[in-house]
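Everything on this sheet refers to the single structure shown next.
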Amino acid sequence: MRKIIWFLFALTFLSHSAFAAEKIRVVTTTTTLESLVREIAGEKVSVHHVASPIRDIHQIQPNPKDLMMLKKARVFVHGGLDLEAWRDAMLVAAGNPAFLKKDEGAIDASVGVPLLEIPTTYSRTEGDIHAFGNPHYAIDPVNAKIMAGNIADGFSRIFPESEKYFRQNLEQFNRKMDEKMKHWQAAMALCKGASVVTYHKSWPYFTERFGLESVGELEPKPGIPPTAKHLAGLERMMKERNVKIIIIEPFNETSTPKKVSKDTGARLLNLTQNVNGKKEAGDYFSMIDYDINQIVQALQ
Ligand SMILES: [Zn+2]
């Protein structure tokens, strides 16, 4: 009899601890969103991201593993707008209808983010892949706080029993962000007003936040490859305005930027907006540290 009781006790204990160890399966589109989910839901989640941090977010092709992870996932976190134009097709292919409906299980990180460059008319006729406003908002740390807030709200809605845990993590994240922000602002104050050129129009939130002036892109329009005519005008303007840096990202081709750099004397900086896009950028904070250090060093 005693053996049976012990057996039942052990069984209950084992099944209980197995349940406790069960993680919430989460899929995010980007590694930056993954990093924010880890800040808010840390030990309760296992996270799979779809887009490699060294690939262009506009050009991702989800693979069978992504679809399988989506099918099994309880939560899907995405960037909204048309950051991931491939998003809805991927959700349909994964066959998890809960995420296609805007409510159950899906978290849109862009809610409440003050957007830049919202077009006055909806049109893709000019090749514009930023049809709902500029979707590269995550690189502004102030927006990252809004995104983290959306993630905490979403997880609290889906798992109300753990709301306190998510809210505490959010508070801690925001405190750390405020602290880091003072250092970033102080470092960037040395570069205030410096003119920069970027490959893609993916830096306006960052340049606006930190007092740089973005005066042009190598792409004539978002998603349209550089042309000789456009580059000639850009280089002329870069010399006039004494542009010292050209910001590219790990997935950009480098032959055009190298040529523009050679012609104008502006220095090429390969920065990232994706956590793990550089080996030094292991989480959101170290990503901003990395980008700011590179800029400050180049402009001093
Ligand atoms: Zn873009």
*asked:* Out of all DSSP beta bridges in the chain, what portion is antiparallel? Express it as a percent rounded to 5.
replied: 5 percent
_Fully extended contour minus Cα-Cα distance, from Glu213 to Glu43, at 0.36 nm per residue_ = 57.2 nm
_Point-to-point label distance, Glu253-Glu280, nm (Cα→Cβ direction, 7 Å offset)_ = 2.8 nm
*By how many degrees, between 0 and 90 and to the nearest 10, does the Cα long axis of helix 228-240 differ from the longest principal axis of the chain?*
80 degrees
*For the Cα atoms of the chain, what angle does the longest principal axis make with the long axis of helix 163-189, in degrees from 0 to 90, nearest 10?*
20 degrees
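Among DSSP bridges having both ends in the stretch 153-300, what percentage is antiparallel? Round to the nearest 5. Mind dumping the intermediate values first?
Working: 1 of 12 bridges.
About 10 percent, rounded to the nearest 5.
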_Run the paramagnetic zone check for Ala89: 7 angstrom along Cα to Cβ, then residues of the stretch 50-77 with backbone nitrogen under 13 Å._
58-63
*Extending each Cα 7 Å along its Cβ direction at Lys23 and Ile118, get the distance between those two points in nm, one decimal.*
3.7 nm
_Let's see if you can work this out: charge +1 on each Lys and Arg Cβ, -1 on each Asp and Glu Cβ, no other charges. What is the dipole magnitude of the stretch 24-180 about its Cα centre, in debye to the nearest 20?_
580 debye
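Per DSSP H run of at least 4 residues, take -39500 (n - 2.57); add these up for the chain, divide by its residues and hand me the 222 nm value, nearest 500 deg cm²/dmol.
Values: 11 runs with 143 residues, N = 300.
Result for the chain: -15000 deg cm²/dmol, rounded to the nearest 500.
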*Ordering of 144-150, 26-32 by packing [mean C-beta count within 10 Å, highest first]*: 26-32, 144-150
*asked:* Projecting each Cα onto the charge dipole of the stretch 116-195 (Lys/Arg +1, Asp/Glu -1 at the beta carbon, about the Cα centre), which of Asn143, Met188, Ile129 comes out farthest on the positive side?
replied: Met188
*asked:* Can you list residues from other chains, or at least 5 along the same chain, whose modelled amide H is less than 5 Å from the amide H of Ile107?
replied: Phe76, Val77, His78
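Once the Cβ-Cβ distance between Asp56 and Ala228 is put in as r, and R0 is 22 Å, what FRET efficiency do you end up with, to the nearest 0.05? If you can, show how the numbers build up before the last one.
Details: r = 22 Å, r/R0 = 1.02.
It comes out at approximately 0.50.
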_Fully extended contour minus Cα-Cα distance, from Phe132 to Phe159, at 0.36 nm per residue_ = 6.7 nm
*Return the distance in nm (one decimal) between the two label points of a simple spin-label model at Met68 and Lys101, each offset 7 Å from Cα along Cα→Cβ.*
2.8 nm
*Dipole axis of the chain (+1 Lys, Arg; -1 Asp, Glu on Cβ), positive-most option in Asn169, Leu234, Ile118*: Asn169
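Starting from the exponent 0.38 and prefactor 2.2 Å, build the expected Rg for the chain from its residue count and divide its actual Cα Rg by it. Don't skip to the answer; put the middle values down first.
Numbers: Rg = 22.1 Å, N = 300, 2.2 N^0.38 = 19.2 Å.
Ratio of Rg to 2.2 N^0.38 Å for the chain: 1.15.
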*May I ask you to derive the FRET efficiency for Lys192 and Asp263 from their Cβ-Cβ distance with R0 = 22 Å, giving the value to the nearest 0.05?*
0.25
*Which whole-number percent gives the relative contact order of the chain, counting Cα pairs below 8 Å spaced six or more residues apart?*
16 percent
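Bear in mind these aren't lab numbers, they're just calculated from the coordinates by the rules spelled out. Remember, predicted model here, so these are calculated numbers, not experimental data. With ideal geometry, Cβ positions are generated from the backbone for all residues, glycine too; neighbour counts draw on all protein chains shown.
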